[in-house]
Amino acid sequence: MRHTRAHTANRRSHHALKKMQLTSAKDGTAHPRHRALLDGTMYRGRSVMDKASARALRAKKSSTRREQESGPAKEKVVEEPKKVKEETKKLPKKSKQAK
């Protein structure tokens, strides 16, 4: 069904890009609203750590929990493959007989 120009323009008015709203933190840095900066600043009254240190802490916690559940981790002993002696049959050399 056909749309008028006014209807098309009204729909497209919502497609316009809006500028990002910034908020200033207590220390004066500007950041996007409702986004936590991962550089150790505060967000909603809580201190936010960077992702790398949080990931390392989470990995350490999970490994200690695993050790507690199953005991200390045992190192795997890698066995060298057994050497198989290759037995080669030595064929006797053909001797040339003079005729």
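Can you pull out the residues in segment 8-25 that are among the hydrophobic types (A, V, I, L, M, F, W, C) and assigned to a helix (DSSP H, G or I)? Lay out the reasoning, then the answer.
Within segment 8-25, the first condition is being among the hydrophobic types (A, V, I, L, M, F, W, C), and the residues that meet it are 9, 16-17, 20, 22, 25.
Scanning segment 8-25 gives a single hit, ALA9.
When you go through ARG11, ARG33 one by one, which is the residue that is within 32 Å of the chain's Cα centre (by Cα) and more than 23 Å from SER53 (Cα to Cα)?
Working: ARG11 fails: within 32 Å of the chain's Cα centre (by Cα).
Of ARG11, ARG33, the one residue that is within 32 Å of the chain's Cα centre (by Cα) and more than 23 Å from SER53 (Cα to Cα) is ARG33.
A count restricted to segment 1-29 and to residues that are surrounded by 10 or more Cβ atoms within 10 Å (Cβ to Cβ), at pLDDT below 85 and not β-branched (Val, Ile, Thr) stands at 1.
The values are calculated or read from the model by the stated rules, or taken from the named source; none is laboratory data. The structure displayed is predicted, hence computed values, not measured ones. Methodologically, a virtual Cβ is constructed for each residue, glycine included, from the backbone with ideal geometry; neighbour enumeration extends over all protein chains shown.
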